[in-house]
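A.B. asks: Handing you this structure, nothing more for now.
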Amino acid sequence: MPERELVIVGGGPAGLTAGLYAARARLDVVLLEQMSPGGQVLNTHLVENWPGEVDGVGGYDLAQRMKDHAVKFGLPIETAEVTGLRVEGERKVVLTSGGEIAAKAVILCLGARPRKLGIPGEEEYTGRGVSYCGTCDGPFYRGQVVACFGGGDTAAEEANFLTKFADKVYLVHRRDQLRASGVLAERVLANDKIEVLWSHLPLEIKGGQQGVEAVRLKDLKAEREYELPVGGAFVFVGTEPNTECVRGVVDTDSRGFILTDRDQQTSIPGVFAAGDCCAKLLRQIVTAAGEGATAAFAAQRYLEEQA
Ligand code: NAP
């Protein structure tokens, strides 16, 4: 079985930053990623809050540059799906689709994925009018009417982005106040192409041969249910962590987000976690990168103490 000092699992901003720091520290490290490095940033049209990028930076470009930066300092990136983690005393064994890799330390940067609504029609019409990514699918809705579900930063950002293509965007939110932060919320409210349906619950997504045709909604204040004709339904109701492969190994909160201390160490000494898979206050690219750097430094210190 191959053995490394440090295995980083996941190639989003947290993993790539951990990889950059570990490579610069000259650790014997490998980063495992199941798809293309970049994580959820790849699905972001424009990142406007990466410090120093005054005019914003494309999500794909930023991810690519993070990867190039880490690779420039010697980080090896391998394609593998991680399916589990076994702890054998101080030795950790990372289980992957391509076999097992032993490590003295591990950094879990498993990321998160969009949460589903769990309503009738959602599963059936996914890829046929139901989408979780405006950046990916927005251009298919040129001149159409679409619905977006959610009231957080993602829903606000994506609803605004979708108005580049759609003639009208209904933002369907279950309360009468957006969760989205200042600038993003202001843009929603100032956008003539967006109509917010306050205090509305999504009940069902309906369609036919061609895909989505309508969404059935409940107006909580008027206490009535009705159908809204739309050509697409975009779901932005939060995220859930990709932590199934380590459940029961490291401690998580009730929703599966990994618990860490302030050095990003999990409940297992030598196993660290960073980025959106962690239980924390703020899920941003900048916090993921910061946690990745901390995790790499803490892992380096752990390895020195074990030597
Ligand atoms: P979020 O902040 O958890 O918001 C989820 C939204 O969906 C909330 O408005 C919530 O309503 C609603 N919701 C949840 N379950 C629902 C259901 N079953 N039916 C209807 N509505 C439901 O998730 P997010 O917007 O994806 O953001 C995730 C994290 O990424 C956040 O930390 C966010 O700040 C960050 N992010 C940042 C940026 C940026 O800085 N540019 C961009 C995107 C995301 P309630 O409000 O009633 O709870």
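The values are calculated or read from the model by the stated rules, or taken from the named source; none is laboratory data. Note that the coordinates shown come from a computational prediction; the quantities given were computed from them, not determined experimentally. Neighbour counts are summed over all protein chains in view; Cβ atoms, including those assigned to glycine, are modelled from backbone coordinates with ideal geometry. Surface accessibility is based on the protein's heavy atoms, side chains included, excluding ligands, DNA and RNA. Shrake-Rupley method; radii C 1.70, N 1.55, O 1.52, S 1.80 Å.
A.B. asks: Sequence-distant or interchain residues sharing an amide H contact under 5 Å with Leu197, placed H: which?
C.D. replies: Long-range HN contacts for Leu197: Leu171, Val172, His173.
A.B. asks: Using the C-alpha atoms of region 23-71, what convex hull volume per residue, in cubic angstrom, is computed?
C.D. replies: 84
A.B. asks: In what sequence, highest mean first, do 196-204, 12-20, 254-262, 281-289 appear when ranked by Cβ atoms within 10 angstrom?
C.D. replies: Top to bottom by mean Cβ count within 10 Å: 12-20, 196-204, 281-289, 254-262.
A.B. asks: If you don't mind, there's one more thing I want to ask. Roughly how far apart, in whole Å, are the Cα centres of region 123-171 and region 180-203?
C.D. replies: If we compute the Cα centre of each part, the gap is 13 Å.
A.B. asks: Work out from phi, with θ = phi - 60° and the Karplus expression 6.51 cos²θ - 1.76 cosθ + 1.60, the ³J(HN,Hα) of each residue of region 166-172, listed in order in whole Hz, and give x for Gly and Pro.
C.D. replies: 6, 6, 8, 10, 8, 9, 9
A.B. asks: Additional query: Accessible area per residue, 1.4 Å probe, Å², for the chain: what's the number?
C.D. replies: So the chain comes to 48 Å² accessible per residue, rounded to a whole number.
A.B. asks: For the chain, list the DSSP H helices whose alpha carbon atoms reach 15 Å or more along the long axis and whose average Kyte-Doolittle value is 0.0 or above?
C.D. replies: 13-24, 285-306
A.B. asks: Still on this structure, please answer the following. Please list, ordered by chain and number, the residues whose modelled amide H lies under 5 Å from the amide H of Asp28; skip anything fewer than 5 residues away on the same chain.
C.D. replies: Under 5 Å from the amide H of Asp28: Glu5, Leu6.
A.B. asks: Springs between alpha-carbon pairs under 10 angstrom, Gaussian network model over the chain: which of Pro114, Pro139, Pro241 fluctuates most?
C.D. replies: Maximum among the listed residues: Pro139.
A.B. asks: Follow-up question, since we're still on this one. Peptides 211-221, 115-125: what's the order by average Cβ count within 10 Å, highest mean first?
C.D. replies: Result, highest mean first: 211-221, 115-125.
A.B. asks: Here's another thing I want to ask about it. What percentage of all Cα-Cα pairs in region 116-235 are separated by more than 22 Å?
C.D. replies: In whole percent, the share of Cα-Cα pairs in region 116-235 beyond 22 Å is 25.
A.B. asks: Another one. Two-decimal Rg/Rh of region 1-89 from alpha-carbon positions, Kirkwood Rh?
C.D. replies: In region 1-89, Rg relative to Rh is 1.03.
A.B. asks: For the chain, compute Rh as the Kirkwood radius over C-alpha pairs and then the Stokes-Einstein diffusion coefficient at 25 °C and 0.890 mPa s; write the answer in µm²/s, rounded to an integer. Write down the numbers at each step before the final one.
C.D. replies: Working: Rh = 20.5 Å.
The estimated diffusion coefficient comes to 120 µm²/s.
A.B. asks: Apply the Karplus curve 6.51 cos²θ - 1.76 cosθ + 1.60, θ = phi - 60°, to the phi angles in region 130-138 and return the couplings in whole Hz, x for Gly and Pro.
C.D. replies: 9, 9, 10, 8, x, 4, 6, 10, x
A.B. asks: Net charge within 13 Å of Gly98 by Cβ-Cβ distance, Lys/Arg positive one each and Asp/Glu negative one each, not counting Gly98 itself?
C.D. replies: -4
A.B. asks: Further, regarding this structure: Given H placed 1.01 Å from N in the peptide plane, which residues other than close sequence neighbours of Phe272 have an amide H under 5 Å from its amide H?
C.D. replies: Val106, Ile107, Leu108, Thr266
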